[in-house]
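Each reported figure results from applying straightforward, stated rules to the coordinates on display, with no laboratory input. Bear in mind that the values here come from a model prediction, so they are computed numbers and not experimental data. For neighbour counting, all protein chains shown are included, and Cβ atoms are generated from backbone atoms with ideal geometry for every residue, glycine included.
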Amino acid sequence: MKKINIKKILIIIVSIFAVWNLSWFLITTIKYHKFIEAIPKNKYGVHVKIEDGYQFNVKKPGYLSFTGNLGVTKPESMDGLIIWPLLFGGYEYGVRLQKDGEVYEIYVDENMNPINKDDAVAIQQVEQNKAEIERMISKANEIWQLE
């Protein structure tokens, strides 16, 4: 009698794990299909492309994670835009700005304004680099049709 219960429990656990793996695979494959279609793997097996002076990349979610990202970088300045596709639609954004040996990583909203309205340094950096940030989001929209 005990062996049957242990077998049933083991079968349930294995089934749940299999369903979780299959769900993860299908969700991430469907969600990231349009992104990796625009940026196919290069000869090194990485989703990276350089076009119009910008580097674009796609990082699919790791095993059993649903968080991946899209990146747009200006290689000579190393300024960058990071876009996190959300599981149920929409995106979260962040910018990385490097000036005079300082690195600023700032979460921004869909209008590219700092989320933390109390951070004067973030507001100043985004204002000073507004034109480049706008170009990066524009390039991202051209490549991945985010809107």
Query - At R0 = 41 Å, FRET efficiency that the Cβ-Cβ distance of E51 and I13 yields, to 0.05 - result: 0.30
Query raised in the report: For the chain, which span is the longest to avoid every loop-located (per DSSP) member of trypsin sites (Lys or Arg not before Pro) having at most 14 other Cβ atoms inside 10 Å?
Result: 44-116
**Report entry** Derived scalar couplings ³J(HN,Hα) [region 108-116; Karplus, 6.51 cos²θ - 1.76 cosθ + 1.60; whole Hz; x for Gly, Pro]
**Finding:** 10, 8, 5, 9, 6, 9, x, 6, 7
Query raised in the report: List the GluC sites (Glu not before Pro) in region 1-101 that DSSP assigns to loop (not H, G, I, E or B) and whose Cβ has at most 16 other Cβ atoms within 10 Å. Which are they?
Result: E76
Query raised in the report: To the nearest 10 degrees, how steeply does helix 2-38 sit against the main Cα axis of the chain, on a 0 to 90 scale?
Result: 30
**Report entry** Among A18, V108, I83 the positive-end extreme of the charge dipole of region 17-147 (Cβ point charges)
**Finding:** A18
Query raised in the report: From the backbone phi of region 60-77, what are the Karplus-calculated ³J(HN,Hα) couplings (6.51 cos²θ - 1.76 cosθ + 1.60, θ = phi - 60°) in whole Hz, Gly and Pro given as x?
Result: 5, x, x, 3, 6, 10, 10, 9, x, 7, 10, x, 10, 10, 9, x, 6, 9
Query - Computed FRET value (nearest 0.05) for Q98 with A38, which takes r as the C-beta separation and R₀ as 25 Å - result: 0.45
Query raised in the report: E110 versus Q128, label points 7 Å from Cα toward the beta carbon: distance in nm?
Result: 3.0
Query raised in the report: Which whole-Hz ³J(HN,Hα) couplings does region 136-144 yield from phi under the Karplus relation 6.51 cos²θ - 1.76 cosθ + 1.60, θ = phi - 60°, glycine and proline marked x?
Result: 5, 5, 5, 5, 4, 5, 5, 6, 10
Report task. Among the aspartates and glutamates, select those whose C-alpha is under 19 Å from the C-alpha of K41, and discard any that sit fewer than 8 residues away in the same chain. Result -> E51, D52, E142
Query raised in the report: How big is the gap, in Å, between the Cα center of region 57-115 and the Cα center of region 1-45?
Result: 26
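Ranked from highest to lowest mean number of other Cβ atoms within 10 Å per residue, what is the order of the peptides 63-73, 9-19?
63-73, 9-19
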**Report entry** Of (i) 26, 15, 13; (ii) 79, 13, 8; (iii) 39, 19, 13, the label for semi-axes √(5λ) of the Cα gyration tensor in Å derived from the coordinates
**Finding:** (iii)
Report task. Could you tell me which of Q125, G94, F66 has its Cα farthest along the dipole of the chain towards the positive end, charges placed at Cβ (Lys, Arg +1; Asp, Glu -1), taken about the Cα centre? Result -> F66
Query - FRET efficiency estimate (nearest 0.05) - Cβ-Cβ, S77 to D119, R0 22 angstrom - result: 0.55
Report task. Using the structure shown, select from K43/K74; K60/K139; K74/K99; K8/K60; K34/K99 the pairs with a Cα to Cα distance greater than 25 angstrom. Result -> K8/K60; K34/K99
